[in-house]
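To keep things clear, I will list the structure first and then write my remarks on it.
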Amino acid sequence: MRRFILIWGLVLPLILGGLLPACHSAPDPLDAYRPALVSSAQDALAVMAGLPRYDFLLTVIPERRLVRGQETVRYTNVTRAPLADIVLRLYPNLPHYNGRMTVAAVRVNDKLATVSTEAGDTALRVPLSTPLQPGQSIEIGLEFTAEVHPAGEDAVFGAGQGILSLPDCYALLAARDESGWRTDTAPPHADAVFSDVALYTVDVIVPTGFVVAGCGVAIEQTENEDGTRTWRLLGGPQREFALVLSGDFVTDSTTVGETTITSYYLPRHSDAGRAALRYGATALRVYSDLFGPYPYRDFRIVAAPLGYRGMEYPGLTLLGLDLYDEWVEELEFRVVHEVGHQWWYAQVGSDPLRAPWLDEGLAEYSTYEYYRLVYGQARADELVQTRWRAAYVYAREQGWDTMVGQPASAFGRNYEAIVYAKAALFFHALRQQVGEDVYRDILRRYLREYRYRTATGADFLALAEKVSGQDLHPLYIQWIGNPDL
Ligand SMILES: [Zn+2]
């Protein structure tokens, strides 16, 4: 199956290239990324000349849980003001990531730069000798090591049961908003990474026999003389890059449209690993039909030492190993929730620190459509009662009820009940108020207008009011809170 991907990854762009009119002779540097996208999504690249581009070479030494990296980031100032510095995030240094990342030999346009770290070593500030003017580009090069702490099992960045899970094991450009580079850090119960879309070319060197699952399309594998193998992945537009590898992974694949879906699991979990593939493929089909097409040519469902949790990345979902055995009854829901994030996070971005409800609530409530279409209305109604209303009622009884529309740091043990369940109930109430067809139109329009951008709750509300022609402020205030926050 992987051979099939390799062949199509290489041949399809040639075919598509042959179909396109030869209207300009200069080679388009973004053409290289076309193989990562389904044909209907490739036009998006045409307006993405200013996207950051990452190139890195990662050498993974599994027995030491260590990655050595060489990275180049090409960054264009797409803001309207000169920039005096660039900030990159070093997420493995987050306390709850159980990792350690160090950076050396930082260069700006090939000149050594003196840099500093802040935010608990999770942010690297690179000063520029002359400000970067709007429209200008620079290249930042650096070397790094990232390692997983031996006690890192059951962490997003972790190792266990022969699987090494290395999301964001590189220097990732910080998100920028009106306040500048964002260096704030999320509490342990919330998603940590906030970043804008970029294009990636990644070479990963691993011992031969290891199976690599990463974001993007794997276009080639090369055998090296020292007993290692280099996997080349490329992808984008995507918000981050995650890498998982194991010498024990077995895989199963299927296709939905032009997308290959692959499930990576341990041999003892073959039933659950195949079930995850079925659930993922069905959800991808249901959501593509309902909301708009899934853009990437690959989608990977990857077992990881993450307990019973799941975690979303662009074109890739981590599923905790417990979901394959003792928590297997949760597997379907978790897969379907995580697939929803391929629309609400990967395509339409939102701020996981300041407005975690926006993508979590939508990914959670999108499962309603999956269960309704796959199993019928009664099953979907049951989900509303048992998963969201019951959790919310319990939270109220405990005195945990609060506004949904708050930063992740405002929540504690009530995080899931409010940010997932109560937010899902808002989308359910909205769907009931405007009707099924209008609700679907709202989400389709939301996807179209904010694809690869970052939306806020106020953006969603304004768009929902425009599409429905209704004043939805009272509903929003009832469930989410102040729309001006
Ligand atoms: Zn989620």
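The values are calculated or read from the model by the stated rules, or taken from the named source; none is laboratory data. Note that the structure is a prediction, hence the values are computed from the model and not measured. Cβ sites come from the backbone with ideal geometry, for glycine too, and all protein chains shown count toward neighbours.
The numbered conditions (1) more than 12 Å from the ligand (Cβ to nearest atom); (2) within 19 Å of Arg278 (Cβ to Cβ) are all true for Gln342 except (1).
Among the conditions (1) more than 14 Å from the ligand (Cβ to nearest atom); (2) assigned to a helix (DSSP H, G or I); (3) of a type in the set (Gly, Ala, Ser), Gly307 misses just one, which is (2).
Of the residues Arg334, Arg379, the single one that is away from the ligand (no atom under 11 Å from the Cβ) and not small (Gly, Ala, Ser) is Arg379.
Within segment 239-259, track down each residue that is touching a residue at least 60 places away in the same chain (Cβ under 8 Å), of a type in the set (Ser, Thr, Tyr) and either under 22 Å from Leu373 (Cα atoms) or crowded, with 22+ Cβ neighbours inside 10 Å (or both). Those that are touching a residue at least 60 places away in the same chain (Cβ under 8 Å), of a type in the set (Ser, Thr, Tyr) and either under 22 Å from Leu373 (Cα atoms) or crowded, with 22+ Cβ neighbours inside 10 Å (or both): Ser246, Thr259.
Name the residue, out of Gly273, Gly280, that is within 16 Å of the ligand (Cβ to nearest atom) and out of contact with any Pro (no Cβ under 6 Å at 6 or more places or on another chain). Steps first, please.
Working: Gly273 fails: within 16 Å of the ligand (Cβ to nearest atom).
None of the others qualify; the one that does is Gly280.
When Thr145, Thr114, Thr130, Thr102 are screened for being more than 22 Å from Pro188 (Cβ to Cβ) and either buried (at least 18 other Cβ atoms within 10 Å of the Cβ) or touching a residue at least 60 places away in the same chain (Cβ under 8 Å) (or both), only Thr145 passes.
So which residues in segment 153-211 are within 16 Å of the ligand (Cβ to nearest atom) and within 22 Å of Ser246 (Cα to Cα)? Hits for segment 153-211 are Val156, Pro167. Just one of (1) crowded, with 21+ Cβ neighbours inside 10 Å; (2) at pLDDT below 95; (3) not small (Gly, Ala, Ser) fails for Tyr308. It is (1).
Output the residues belonging to segment 382-405 that are within 16 Å of the ligand (Cβ to nearest atom) and in a helix (DSSP H, G or I).
Initial filter on segment 382-405 (within 16 Å of the ligand (Cβ to nearest atom)): 383, 387-388, 391, 404.
Within segment 382-405, Leu383, Arg387, Trp388, Ala391 meet the criteria.
Please determine whether any residue of segment 219-238 is in a strand (DSSP E or B), aromatic (Phe, Trp, Tyr) and either closer than 30 Å to Tyr368 by Cβ or in contact (Cβ under 8 Å) with a residue 24 or more places away in the chain (or both). Yes, segment 219-238 contains a residue that is in a strand (DSSP E or B), aromatic (Phe, Trp, Tyr) and either closer than 30 Å to Tyr368 by Cβ or in contact (Cβ under 8 Å) with a residue 24 or more places away in the chain (or both). Would you confirm whether or not segment 348-371 contains a residue that is part of a helix (DSSP H, G or I), more than 14 Å from the ligand (Cβ to nearest atom) and among the polar types (S, T, N, Q)? So far as segment 348-371 goes, no, none of its residues is part of a helix (DSSP H, G or I), more than 14 Å from the ligand (Cβ to nearest atom) and among the polar types (S, T, N, Q).
Select from segment 317-331 the residues that are away from the ligand (no atom under 14 Å from the Cβ) and either in a loop (DSSP other than H, G, I, E, B) or within 11 Å of the chain's Cα centre (by Cα) (or both) and list them in ascending order. Steps first, answer last, please.
Of the residues in segment 317-331, the ones away from the ligand (no atom under 14 Å from the Cβ) are 321-322, 324-329, 331.
The answer is Asp325, Glu326, Trp327.
Within segment 384-400, count every residue that is touching a Lys or Arg at 6+ places or on another chain (Cβ under 9 Å) and surrounded by 15 or more Cβ atoms within 10 Å (Cβ to Cβ).
Of all residues in segment 384-400, those touching a Lys or Arg at 6+ places or on another chain (Cβ under 9 Å) come to 388, 391-392, 395, 398, 400.
Restricting the remaining residues to those that are surrounded by 15 or more Cβ atoms within 10 Å (Cβ to Cβ) gives 388, 391-392, 395, 400.
Number satisfying all stated conditions: 5.
For segment 458-467, check the following and say yes or no: at least one residue is over 22 Å from Tyr368 (Cβ atoms), touching a residue at least 24 places away in the same chain (Cβ under 8 Å) and within 16 Å of the ligand (Cβ to nearest atom). No.
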